[in-house]
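Read through the structure below, which is laid out as structure tokens, and then see the notes.
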Amino acid sequence: GTTGEPSEEATTQSPAETPTETPAESAGATPTGAEQAYCDAVREAQQELTGGGAGSTADVDQISRSLDDIIAVAPADIRPQWQLIADAVDDVRAATASAGIDLADLSDPQALAEQLAGLSPKERREFTRSLRGLDTSELPQANQEIATQVQEVCDLSLTPEAVPTP
């Protein structure tokens, strides 16, 4: 009988049938529907992600929302790297928010010093401890993997420094 036997082989021919596992050899080819949604999300966030790091708290809130949008549609093989970046951004947001520090001041040593001077010694210690407690050791590798994957799948350039690192 021919019931069911050849149909298994037929479905493996079309990459559109398996959008969750997209092999690297699809680079340069037209992205599948799932890849297209992912590439669109990355493209929409590209300006924020390559914009040179944290600006104001509002900018970081927008970056965080964009990262969530990307994670929602990211292929399974790269989703953990995006999640690592999103978690780091959220950790920095939480640390600065609990200390009442504007994220924009993190890149301005003078303004940061003024804000830290306004904290009690206990608040300063807690803020410093929360930033030191962040595990950023895996971020450079995650950034590199994301940049490579986005280049191959979406033909978009995200330099390794593109994704904001605290």
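Given a 1.4 Å probe, how much area per residue of the stretch 90-129 is accessible, in Å²?
61 Å²
Count charges around ALA41 for me, please; just the other residues with Cβ under 13 Å from its Cβ, Lys/Arg as +1, Asp/Glu as -1.
Taking every other residue near ALA41 into account, the sum is -3.
The values are calculated or read from the model by the stated rules, or taken from the named source; none is laboratory data. All of these numbers come straight from a predicted model, not from anything done at the bench. Cβ: placed from backbone, ideal geometry, glycine included. Neighbour counts: every protein chain shown. Note: areas computed on protein heavy atoms with side chains; ligands, DNA, RNA excluded. Shrake-Rupley method; radii C 1.70, N 1.55, O 1.52, S 1.80 Å.
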